[in-house]
Amino acid sequence: MLDLAFVRENLELVKQKMEERGFPALLADFESLDRERRRLLVEAESRKARRNKVSDEIARLKKEKQDASGLIAEMKQVAREIQELDEKAKASDEGLRELLANLPNLPHASVPVGKTSADNREARRWGEPRKFDFEPKAHWDLGPALGILDFERAAKIAGARFAVYRGLGARLERALSNFMLDVHTREHGYTEMLPPFMVNSAALYGTGQLPKFSGDLFKLEGHDLWLIPTAEVPVTNLYRDEVLEAERLPVKYCAWTACFRSEAGSYGKDTRGIIRQHQFQKVELVKFSLPEKSYEELESLTRDAETILQRLGLPYRVVELCTADLGFSSAKTYDLEVWLPSAGEYKEISSCSNCEGFQARRANLRFRRGKSGKTEFLHTLNGSGLAVGRTWLAIIENYQQADGSVTVPETLRPYLDGLERIQPA
RNA sequence: GGAGGGAUGGGUGAGUGGUUGAAACCGGCGGUCUUGAAAACCGUUUCCCGCGAAAGUGGGACGGGGGUUCGAAUCCCUCUCCCUCCGCCA
């Protein structure tokens with residue numbers, strides 16, 4: 001959420017930035033709503049001031065055993081007026097809050113202005129896509145042939161967009177998860193967290209999934225509980241309504257969780273394989289930062305995620321998302337895209353964002369400088385480090401051999417009892 | 001799932017209709033004393049939203065929401081969370 005006072009004072013700038021993001025009409029009613037809300041507040045509050053004064057007077061009269069019935073009758077009328085004005089003020093306040101809650105974050109000045117993902121800016125590349133002397137297969141062919149991936153039985157027990165990992169397939173998923181967690185906790189200074197995989201709606205509001213994107217989520221019937229679409233939601237909300245000491249910042253957490261996404265509206269997209277699933281596992285990185293340090297932290301978080309791809313020897317590129325491609329809560333995002341031989345292109349495997357104070361205002365995440373300083377909103381960052389399922393398929397495809405077997409990257413062997421190759425069972 | 005108890009400021013915890021935004025204690029901050037520190041003593045110490053150029057000023061907040069009343073931390077309803085006991089359970 002943007003700061004109300006900031007929007008009021010910089011309305012034209014905010015309108016322009018929204019236009020750059022592709023949402024030109026969002027602020028049409030802002031001025032009238034804001035003015036109406038303040039007008040009603042002033043009217044209601046002046047009557048409340050009178051009520052407070054007269055109530056004291058009534059108390060005094062009663063104590064002195066004098067008649068107060070005239071004043072009480074007058075106050076009955078005032079109470080009715082207050083109720084009416086309060087209802088109107090509440091309505092316009094809710095209207096304003098709804099408008100603000102549906103407003104995406106402002107892009108950082110360094111974000112390229114663009115209209116589609118084609119306007120994203122490539123920042124750097126790492127590694128060379130391998131030259132195959134045979135026709136590389138897709139993971140949805142390799143996996144079932146190796147007996148490590150089963151789509152048919154997954155469809156039987158759950159439906160489309162689910163997979164069952166079997167034997168070394170399951171083992172590889174676990175090895176990757178452990179490898180990622182080990183690197184981030186041992187080498188990058190993140191503290192491992194294991195949060196709930198379900199959260200309430202307040203948490204989803206805090207990170208910006210609600211109210212706008214409920215359709216992307218799975219909700220539990222009869223409960224105010226939703227399956228998390230990413231560990232960003234539970235972890236970022238850990239300190240909701242708390243005030244942290246500035247010396248504690250940056251706080252760096254990583255968390256392995258399952259993630260659940262409805263993928264409504266993605267029919268016909270990535271239908272084959274495990275690229276787009278209703279459930280996938282991810283190691284997420286979350287940081288709470290001082291505002292003036294958050295862009296440094298974004299760079300280091302992105303490099304922390306890149307480390308995993310480098311250690312696994314997977315070629316990738318880093319893309320700076322343009323204004324039109326930015327997520328709702330993000331002010332700046334780097335996507336990491338891994339090379340997929342079957343697609344012949346780079347495919348998103350991580351998304352690293354600085355949300356600045358956007359989530360902090362929604363979730364009331366604050367910090368204090370020194371002992372007597374005022375509280376300020378901190379900055380939140382998050383990024384995948386990495387999406388485990390997509391890393392799994394990137395390894396299967398990039399390390400495949402002509403005979404359909406898969407070489408295990410050196411780094412991963414200690415996590416698989418020294419296994420060098422995955423072959424048909 | 002059943003029965004009961006609870007939620008007050010940074011913390012503990014008083015307060016059961018009218019100067020209670022809130023006692024007291026602890027903590028924090030400032031000061032006195034001291035070579036320094038501790039102790040002791042004195043003072044100070046919540047947040048949000050308006051109006052105002054400012055000084056200042058008004059409103060709101062005692063888990064959330066609603067109600068009763070001229071007036072609610074205090075009475076009623078409802079929701080959430082926590083605790084104890086019983087049942088069930090990995």
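The values are calculated or read from the model by the stated rules, or taken from the named source; none is laboratory data. What you see is a predicted model; the values in this text were computed from it and never measured. No Cβ is skipped: glycine too gets one built from the backbone with ideal geometry, and neighbour counts run over all protein chains shown.
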task: Would you mind telling me which numbered condition in (1) part of a strand (DSSP E or B); (2) within 14 Å of the chain's Cα centre (by Cα); (3) without any contact (Cβ under 8 Å) to a residue 60 or more places away in the chain A:Asp335 fails?
output: (3)
- request: Give the residue, chosen from A:Ala202, A:Ala160, that is of a type outside the set (Phe, Trp, Tyr), away from RNA strand B (no atom under 16 Å from the Cβ) and in the same structural domain as A:Asp304 (by TED's automatic domain parsing).
  value: A:Ala160
message: I'm checking my understanding of the structure. Among residues of region A:338-383 that are of a type in the set (Ser, Thr, Tyr) and part of a strand (DSSP E or B), which one is nearest to RNA strand B (Cβ to nearest atom)?
response: A:Thr375
Cross-chain or 6+ apart pairs with Cβ under 8 Å, region A:61-81 first and closer than 25 Å to A:Glu43 by Cα, then more than 7 Å from RNA strand B (Cβ to nearest atom): A:Leu71/A:Glu57; A:Leu71/A:Leu61; A:Val78/A:Arg47; A:Val78/A:Arg50; A:Glu81/A:Arg47
query: Within region A:236-271, can you find the residues that are part of a helix (DSSP H, G or I) and either loosely packed, with under 15 Cβ neighbours inside 10 Å or modelled with pLDDT under 85 (or both)?
result: A:Ala246, A:Glu247, A:Arg248
field: Failed item in (1) among the aliphatic types (A, V, I, L, M); (2) within 14 Å of RNA strand B (Cβ to nearest atom); (3) closer than 30 Å to A:Leu365 by Cα; (4) surrounded by fewer than 12 Cβ atoms within 10 Å (Cβ to Cβ), with A:Leu96 passing the rest
entry: (4)
message: Would you confirm, using the coordinates I've provided, whether A:Glu173 is acidic (Asp, Glu), assigned to a helix (DSSP H, G or I) and either touching a residue at least 40 places away in the same chain (Cβ under 8 Å) or in contact with a Leu (Cβ under 8 Å, 6 or more places away or on another chain) (or both)?
response: yes
Selection within region A:72-91 - within 7 Å of RNA strand B (Cβ to nearest atom), farther than 30 Å from A:Leu4 by Cβ and hydrophobic (A, V, I, L, M, F, W, C): A:Ile72, A:Met75
task: Select, from A:Lys219, A:Lys212, the only residue that is among the basic types (Lys, Arg) and surrounded by 15 or more Cβ atoms within 10 Å (Cβ to Cβ).
output: A:Lys219
statement: Of the residues in region A:210-227, those that are in contact with a Phe, Trp or Tyr (Cβ under 8 Å, 6 or more places away or on another chain) and part of a loop (DSSP other than H, G, I, E, B) come to A:Pro211, A:Lys212, A:Phe213, A:Leu217, A:Phe218, A:Leu220
field: Whichever residue in region A:26-64 is within 8 Å of RNA strand B (Cβ to nearest atom) and polar (S, T, N, Q) and, among such residues, is nearest to A:Leu100 (Cα to Cα)
entry: A:Ser46
message: Within region A:143-170, take every residue that is part of a helix (DSSP H, G or I) and touching a residue at least 24 places away in the same chain (Cβ under 8 Å) and give me the one that is surrounded by the fewest Cβ atoms within 10 Å (Cβ to Cβ).
response: A:Ala145
query: Restricting region A:1-25 to residues that are surrounded by fewer than 13 Cβ atoms within 10 Å (Cβ to Cβ), more than 8 Å from RNA strand B (Cβ to nearest atom) and of a type in the set (A, V, I, L, M, F, W, C), which is modelled with the lowest pLDDT?
result: A:Ala25
